[in-house]
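The values are calculated or read from the model by the stated rules, or taken from the named source; none is laboratory data. Everything quoted here is computed from the prediction, not taken from an experiment. These accessible areas exclude ligands, DNA and RNA; they are computed on the full protein's heavy atoms, side chains included. Shrake-Rupley method; radii C 1.70, N 1.55, O 1.52, S 1.80 Å.
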Amino acid sequence: MALTWATPPVAVAPAWDGIVQGVRASAGTRLVSGDVFVKVQGVDRILATTPEPFIRSLSLGMRGADVESLNQLLRTRNLSHGTGDVFSRSTQNGVRGLAESLGAGSDVRIFDPSWVIFLPRDQTVKELSINVGAPAPGAGTPLLVPAEELASAKIIDAGIAESLAQGDDLPLPPADSLPEGTDVLVSGEPLRLNDERNAVDAGSLAALNSVLAPGGKAAVIESRSSHGATGWSVPSVALYIDRAGLSCILVKRDGEIVGLGAAVASVQGSRSVVQAPLRSTDKIGMDPTIDPMPCS
């Protein structure tokens, strides 16, 4: 697969006063909505992925999209909450519970937007930009440097992917479409593909991201045919029949050209899924029929 990466929008500080007393994250921490990120002036501050950042104090009788977001936030924390965009008595009871859980007081009835750090989306910490014992950063100050995240993963020839992964400066080929019934696997589970079956669907990028080192140009990923067999997805033109009548694939391995037995599990269009003793470092021959090498 050919990979592209992007840096996600960063979480920034709301309007705080006081001293940073603790940070609950470090390099490599995966940040998700609802987590406590930092303690400032005795109060835990939580991350929340909401349509917009909270910017005003909220109290009984108020209405608005931010009140609706607050009710949703309270619901996700199993606290009392109202419905819709009205700050109701139920919302007030939930705010009291939220304040107490964060250390902001036992009978607080007004929501303070400084309790919540707007998290545009889940992200992984590459480096923190906040220090225990220092004054709380000003509003809008980035709290961390997020790690790059996978933006796209297009299906390409495995041999080219391996060369790109090793740093070879090659032009990216057009994306290949996988045959119907062939899955791309991560930790044994299939990834969802786009309609053209030539790239990973955006909804499955996070699963693929979780097993890759950030910044790589390409990766070789396991595939599985509809017959339940796992194998390698290779260009169909890389397969040939040797003089003994065996199905083979030609590869360059450790500087030598070798023929390997390759049982075909499925074929559609320009791709085949094969059972073969391939390695991720093998480079696949694309015109093996000129002098078929035996693989028996």
Answer label for volume of the Cα convex hull per residue in Å³ (calculated), chosen among [x] 135; [y] 127; [z] 157: [z]
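If 283, 126 are ordered by their accessible area, calculated over protein heavy atoms with a 1.4 Å probe, which sequence runs from highest to lowest? List each step's numbers first, then the result.
Numbers: 283 70, 126 135 Å².
Highest to lowest solvent-accessible surface, that is 126, 283.
Could you order 17, 168 so the one with the most accessible surface comes first? Probe is 1.4 Å.
On the way: 17 130, 168 60 Å².
Descending order: 17, 168.
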Using only Cα atoms and rounding to the nearest 10 degrees, what angle (0 to 90) does helix 65-76 make with the longest principal axis of the chain? 70
Straight distance only, please: which aspartates and glutamates reach the Cα of residue 252 with their own Cα at less than 14 Å, same-chain residues fewer than 8 apart left out? 162, 282, 287
Where does helix 89-102 land angle-wise versus the long Cα axis of the chain, in degrees 0 to 90, nearest 10? 70
Using only DSSP helix segments of four residues or longer, with each worth -39500 (n - 2.57), what per-residue ellipticity at 222 nm results for the chain after dividing by its residue count and rounding to 500? -4000 deg cm²/dmol
Solvent-accessible surface ranking, highest first, for 45, 279 at 1.4 angstrom: 279, 45
Ignoring ligands and nucleic acids, residue 178 exposes an accessible area, probe 1.4 Å, in Å² to the nearest 10, of 10
